[in-house]
Amino acid sequence: MTRGHVGLGSNLEDTRRQIGRAFDALAALPGSVLVARSSLYRSAPMGPADQPDYLNAVAVLDTRLSPLTLLDALQEIERAQRRVRGRRWGPRTLDLDLLLYGNRQIDLPRLQVPHPGMHQRCFVLLPLWEVAGDIEIPDRGRVSTLLSCCGPPAAYRLDD
Ligand code: ROI
C-alpha cells in the first residue's frame, strides 16, 4: 500500500455536500482505505475573484492503485459530481487533486506529483497539516516551514 494525499475543493452547488460525497466516494475506491478526512476550510478564490469562496479539505488514502489508475478514479468521481471544465481557474463543483503519492516524484503530461503549487497554497497546506502532520513534501520542504506564510488556521477552518 502507498499513502496518498488528495486535495478536495468546491465552490459551487452546496459545497459542503460536494466535499462530503467526494469523501464517501474516496472511501469506496477499490484497493484503497480512507484513513483520514480533514476538517473543511474556507478561503477566497485564488485566481479570478468573481466567483464564490471555496471549501477545501484533504483526504489521506492508503491505496494499491497505481498513480495513474488513482488519477483516473479521481477524475471519474469528479465526472460523477458533474464537474464541468469551464474557463481556466473558474468555479467548479468538485476538484480532486492527487497532491502526494508516498514520496514519489512523478512528471508525466497528465500527472505531476507533488502537485505543482501545493506548497504555496494555504488552502492545501492547512488541511494537510491537520491530517498528515509535519510531513515532508519532496523537494519542497516540511509542511510546518511552508505553513509559516499562512495566517492562523482558525481564520479558515469551519465549525462542524
Ligand atoms: N482557490 C481556492 N481558494 N481554493 C481552491 O481549491 C481553488 N482551486 C482552484 C483555483 C481556481 C486555482 N482557485 C482556488 O483550482
In debye to the nearest 20, the charge dipole size for the stretch 15-118, taken about the Cα centre with +1 at each Lys and Arg Cβ and -1 at each Asp and Glu Cβ, equals 280
In debye to the nearest 20, the charge dipole size for the stretch 58-160, taken about the Cα centre with +1 at each Lys and Arg Cβ and -1 at each Asp and Glu Cβ, equals 520
Across N56, N103, N11, the residue with the highest GNM fluctuation in the chain (Cα network, 10 Å cutoff) is N103
Expressed as a percent, the portion of alpha-carbon pairs in the stretch 1-140 spaced more than 18 Å apart is 52
Within the chain, the cysteines whose Cβ lies no closer than 4.7 Å to any other cysteine Cβ are C149
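Divide by every residue of the chain the summed helix terms, -39500 (n - 2.57) for each DSSP H run of at least 4, and state the resulting mean residue ellipticity at 222 nm, rounded to the nearest 500 deg cm²/dmol.
On the way: 4 runs with 43 residues, N = 160.
Mean residue ellipticity at 222 nm (helix-derived): -8000 deg cm²/dmol.
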For the chain, whose charge dipole is built from +1 on Lys and Arg Cβ atoms and -1 on Asp and Glu Cβ atoms, the candidate among P30, A59, V143 with its Cα farthest towards the positive end is P30
Restricting to Cα pairs under 8 Å and 6 or more apart, the percent relative contact order of the chain works out to 29
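The numbers here are math on the coordinates, done by the rules we state, and not lab data. Keep in mind that this is a model prediction, so the values were computed, not measured. Virtual Cβ from ideal backbone geometry, glycine too; neighbours counted across all protein chains shown.
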